[in-house]
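Taking it in order: structure first as structure tokens, then the write-up.
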Amino acid sequence: MTIDLTNCDREPIHIPGSIQSHGFLIAIDRSGEITYHSENIKSFLPDLPPNLLGQNIASIQPLIGKNEPPDFILQLITFGKTNGFEQTNPFNTDIRGNAFHLIISESGDNYLLEFEPARSDNSTDVQRTIGRSISEMLADKNLQNLLNNSAAQVRNVIGYDRVMVYRFADDGHGEVISESKNDDLESWLGLHYPASDIPKQARELYKKNLTRIIVDVNELPSAILTSADNTAASLDLTNSQLRAVSPIHIQYLKNMGVASSFSISLLYKQELWGLIACHNYTPRFIDFRSRESAKLIGQILSSALEFRQDEENQMVTERYKSAVDQLSRLMLKDDSIEFALTANNVTLLDATDASGAVLMLEGNLIKLGQTPNDEQLKGLIGWVKANIIDSLFYTTKLPGVYPPANEFKDVASGVMVYTLSRELDEYVIWFKPEQLKTIKWAGNPDKPVEVDANGNRTLSPRNSFEEWSETVSATSVPWSNEEVKSVIRLRSELAYALNQKAGAIRLLNERLKQAYEELDTFSYTISHDLKNPLTAVKSYAQILLRDKTLTPQATRALERINAGADKMNNMIAEVLDYSRIGRSDLVFSEIDAKSMIEDHVRELATVYEVAPSVVTIKNAPPITGDPVMISQVFANVISNAIKYSKKSEKQKVVIDATENEREIIYAITDNGLGIDIKHLPRIFELFNRMDNVGDIEGTGVGLAIVKRIVEKHRGKIWADSELGEGSTFYIAFNKKAND
Ligand code: ADP
């Protein structure tokens, strides 16, 4: 087990059951009955009746406020409850001829009445000096001077040996950022104190009660007494002025040689920003009024800090915002988002104070400023992909979570990663370099545990405050809230731009589809309308051919007209087929491909006058598709195979099919003309015929039809061929119709 000072976090310091004995305490309930009192009350009021508990406060009022009306305490409470106790505190009373301050506060169902001497150990008239102090303090706009002035003025007002402004970091540890001290003391400026020095619950109390005085570390506390059916520790002293000090804290102060301490809380947006911590090396008491005046200095310093911090944040926010605004305009204007984010005066880098950035988008990687190299980036992305779930991730200690980053910690100890798409490997990453920092601790912060002569480990505060240096490495300066907010803004702008672009592509697609449809209608109409005049041409040619008086020349011309008309008819029929594919819906069914192919082979052998035996049908499994269209596919491809191999010696056409998990692939192989490999892709285009076809009849439409049908079935078609050797056409059909 490790022992550390977090155990202090559990010490219930707000209910110590005792008070500091320079004053005394009485607690009364709502009816005025005394429920608790400090044991030392007798030394201040020797004439008190013996059994105080359970008595009404009215009975002892004359002893604590000689010249006051008999029920003055209840009157004060009534007034304080409606107007706030800061209006009534402190109330000047007279106890046995000595001036006392009565300070009233609430504690659950009780009221705490605390009596403190109304005199300070310092000679200055605080209330008179305070006005001047404050105006001197605010005279300088520079932050460091403001802090220095505040420390000096607090020391001026309350006269402690050492006054420090102590600032808390995010991790709870503190640093002395300003100091005003007696000349003979060594400086603690710049020293750091571990978070455990001021435990969590003490911080909470600093937020509620803005000043805290410990008058004398050697003074014995006075116990709180209460009735037998109650416990002293049940009285909450959060709002108390006299609350006794935790023994651990007393020991801590003694180890430092401090006899008395006083602190003023500095708040920023209701959170504890720091403390004005005052130490005296001899016991020192300052009265409530002086403490309130010092508190005022703290409050003014708090609001000055808040104002300055807000102003600074505002400036940074504006700077980032203007960068993101420009980037978002560029993204919408430019076709390329990458270009918009990386190629102008303002880039991704300006959205934060990073010194390097990387954009990975659409398969491209663009680096800006100082970044790890490609290999290192690859490793980092792999790690991010496997380990980071959040779309925004940032750290100032990358090598701590990803050890390979030690290799490039000089450029990337800090990273901020915004994942655009894990699947597409799209990321934006910002980098901050290593910042080596030497921290001067007041004593070794890791050694809160003491080992005594017997080897026992005991928890005790450090007793060495000698400077102890530590170098912090593999760490970058922090990512500020403003930077995180800026990246989040850029993220939504980028998402919007990407969406817009995707929208634009969809729109183009839509237009293309429309154009296709129009083209289909157009070719359909044209082909259809061409048919009638063409039929007329052909009929008139035939009528004329019957004329026996025609010269042989005229007969030949008419025969050509007739053949031309036939050819044109063919073409029109095919173009009509082609455009019909686009217009008609598929009607799927299971097709007996084997018998379909056999029918075609028989018919085509007759048409091309070849023996059916030149075609070998091997494996021909059933397929799913639109039977009419698939029939057209086989007819075209088989007819080409027969047609373009007719002149080969030992003409041979083989039809075979193989299967894999997802598809059935038909291969139609011939030993015919072959196709020049350069022109292979073009054979599927409309009207494209190769040079080597010679007088072999054709229109150049067949394969375009085939391709269109196959693609409509979400299948694939491709060819393999060698000039003069033969060709193989492959057609892959999906096993499931909708795959
Ligand atoms: P065609 O009506 O000319 O046969 P296709 O669209 O069916 O039109 O084919 C386009 C072109 O592809 C053909 O003109 C021919 O040059 C080439 N081609 C198609 N199949 C074959 C094949 N089996 N062998 C050689 N060339 C072929």
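The values are calculated or read from the model by the stated rules, or taken from the named source; none is laboratory data. Treat the numbers as computed from the prediction; the structure is a model and nothing was measured. Heads up, the Cβs are rebuilt from the backbone with ideal geometry, glycines too, and the neighbour counts pull from every protein chain shown. Heavy atoms of the whole protein, side chains included, go into the accessibility calculation; ligands, DNA and RNA do not. Shrake-Rupley method; radii C 1.70, N 1.55, O 1.52, S 1.80 Å.
Residues are listed down the side, and each one gets a yes or a no for (1) open to solvent by 40 Å² or more (accessible area, probe 1.4 Å); (2) in a loop (DSSP other than H, G, I, E, B):
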position: Leu225; (1), (2): yes, no
position: Gln241; (1), (2): no, yes
position: Val258; (1), (2): no, yes
position: Ile264; (1), (2): no, no
position: Gly274; (1), (2): no, no
position: Cys278; (1), (2): no, no
position: Arg291; (1), (2): no, no
position: Gly298; (1), (2): no, no
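So, of the residues in the stretch 678-691 that are more than 7 Å from the ligand (Cβ to nearest atom) and farther than 18 Å from Ile709 by Cα, which turns out to be least open to solvent (accessible area, probe 1.4 Å)? Ranking the qualifying residues of the stretch 678-691, first place goes to Leu680. Within the stretch 605-644, restricting attention to residues that are open to solvent by less than 40 Å² (accessible area, probe 1.4 Å) and assigned to a loop (DSSP other than H, G, I, E, B), the residue that is nearest to the ligand (Cβ to nearest atom) is Val610. Might you let me know whether the stretch 646-653 holds any residue that is without any contact (Cβ under 8 Å) to a residue 24 or more places away in the chain, near the ligand (Cβ under 10 Å from one of its atoms) and open to solvent by 10 Å² or more (accessible area, probe 1.4 Å)? No, the stretch 646-653 has no match at all. Inside the stretch 706-739, residues that are near the ligand (Cβ under 9 Å from one of its atoms), of a type in the set (Val, Ile, Thr) and not in a helix (DSSP H, G or I) make up a count of 1. The test for being at pLDDT below 95, open to solvent by less than 70 Å² (accessible area, probe 1.4 Å) and within 12 Å of the ligand (Cβ to nearest atom) holds for Gly698. Whenever a residue of the stretch 564-581 is part of a helix (DSSP H, G or I), its partners that are at pLDDT below 80, lying with C-beta atoms within less than 6 angstrom and at least six residues away or across chains, give the pairs Ile572/Ser527; Val575/Ser523; Val575/Ser527; Leu576/Ser527; Ser579/Asp520; Ser579/Ser523; Ser579/Tyr524. Does the stretch 140-163 include one or more residues that are assigned to a strand (DSSP E or B), within 43 Å of the chain's Cα centre (by Cα) and either more than 18 Å from Gln241 (Cβ to Cβ) or not aromatic (Phe, Trp, Tyr) (or both)? Yes. Of all residues in the stretch 668-677 being closer than 24 Å to Gly625 by Cβ and open to solvent by less than 20 Å² (accessible area, probe 1.4 Å), which is farthest from the ligand (Cβ to nearest atom)? In this case the residue turns out to be Ile668.
Looking across the stretch 411-420 at every residue that is open to solvent by less than 20 Å² (accessible area, probe 1.4 Å) and more than 12 Å from the chain's Cα centre (by Cα), the one that is farthest from Ala351 (Cα to Cα) is identified as Ser413.
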